[in-house]
Amino acid sequence: MADLAIYQYVLIAVIFVWSGFVRSGLGFGGAVMSLPFLLLIDNQPLVYLPIIAVHLLFFSSLTVWQNWHRQQQVGEAASATVDWAYLKKAMAIMIVPKLIGVFGLLTLPAELMTGIIFVIVAVYALSYILNKPFKSNHPAVDVTFLMLGAYISGTSLIGAPLIIAVFATHVAKQQLRDTLFVLWFILVTIKMAAFIYAGVDLQLIHHLWLLPAAAIGHVIGLRFHQRILSGDTRVFYRWLGWALLVISAAGLGSVYSK
């Protein structure tokens with residue numbers, strides 16, 4: 001990122017504000033809804049993924065701690081916001097495909113990895129546009145979605161829609177957000193350990209200005225969380241789907257037209 005133009009740095013900061021907003025507002029999607037835009041600015045997945053991973057670690061732990069502190073103040077059980085039992089069950093299914101996905105990220109060429117990311121995002125975009133979110137209502141489908149979501153998460157941190165399709169059917173609504181945040185923390189910790197082991201540049205110097213940018217979006221997202229959930233989210237997702245579809249098409253065109 002050292003050789004980018006000023007306008008590119010500005011665009012990256014804006015995208016990380018958007019990422020923080022989506023992550024705290026919806027409880028997921030910070031990566032899937034920001035990575036396509038980032039790759040259009042500079043096609044280097046291994047540059048952005050460590051930054052996104054650190055943000056996930058920081059803000060997921062911060063949000064869970066805030067909710068835990070709030071539970072303590074009202075005298076409720078500290079574990080009330082997280083479904084630890086189902087989390088352990090899901091992790092037993094997801095751990096192997098997660099590790100395989102991380103290995104694929106570290107070995108596949110950047111152009112191929114970028115193309116895979118844009119294709120996955122395009123599939124998610126179509127599901128948003130058609131209002132046909134991924135659903136799981138059978139044990140075999142649960143296992144398939146969890147394994148595929150873990151693999152995609154290992155390669156690019158954008159497996160959330162598949163994973164959420166399963167968790168939403170097994171975890172109580174009031175526990176879903178924090179349970180997902182703990183899950184993201186675990187999955188990202190595995191990815192960060194792999195990055196460190198492989199000697200990937202974690203872009204630590206860029207956290208000095210991108211973490212505050214994401215924090216601005218995080219605060220805005222927290223304020224709009226209830227409004228987003230109580231409103232008609234179908235309209236929000238439809239517009240978002242069209243935006244992601246256009247970005248994915250443009251990204252695929254730019255990658256494979258060279």
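The values are calculated or read from the model by the stated rules, or taken from the named source; none is laboratory data. On a predicted model such as this, the values are computed, not experimentally measured, just so you know. Glycine also receives a Cβ, built like all others from the backbone with ideal geometry; neighbour counts cover every protein chain displayed. These accessible areas exclude ligands, DNA and RNA; they are computed on the full protein's heavy atoms, side chains included. Shrake-Rupley method; radii C 1.70, N 1.55, O 1.52, S 1.80 Å.
Assorted remarks:
- Segment residue 129-residue 202, extension gain: residue separation times 0.36 nm, minus the distance between their alpha carbons: 22.8 nm
- GNM remark for the chain: springs join alpha carbons under 10 Å apart, and the peak mean-square fluctuation among 12, 216, 196 falls on 196.
- Candidates 107, 189, 144: whichever shows maximal mean-square fluctuation once the chain is modelled as a Gaussian network with Cα springs under 10 Å: 107
- In Å², nearest 10: area of residue 134 left accessible to a 1.4 Å probe: 70 Å²
- Residue-averaged 222 nm ellipticity for the chain, from DSSP H runs of 4+ at -39500 (n - 2.57), nearest 500: -27500 deg cm²/dmol
- Normalised alpha carbon radius of gyration of the chain [divisor 2.2 N^0.38 Å]: 0.97
- Cα-based shape type of region 1-60, given that a ≥ b ≥ c are square roots of the gyration tensor eigenvalues and the cut on a/c is 1.5: prolate
- A simple spin-label model places the labels of residue 143 and residue 185 3.0 nm from each other, with each point 7 Å out along Cα-to-Cβ.
- Where 184, 18, 239 fall by accessible area, highest first, once all protein chains stay in place (1.4 Å): 239, 18, 184
- Largest-first ordering by accessible area, 1.4 Å probe, given options 197, 237: 197, 237
- Here the chain has 70 percent of its accessible surface on carbon and sulfur atoms, given a 1.4 Å probe and all protein chains in place.
- For the pair residue 2 and residue 169, a Förster radius of 45 Å applied to the C-beta separation gives a FRET efficiency near 0.50, rounded to the nearest 0.05.
- Three-way shape label, region 148-192, alpha-carbon gyration tensor, a/c 1.5: oblate
- Nearby lysines by direct alpha-carbon distance to residue 88 (threshold 17 angstrom, same-chain neighbours under 8 apart not counted): 98
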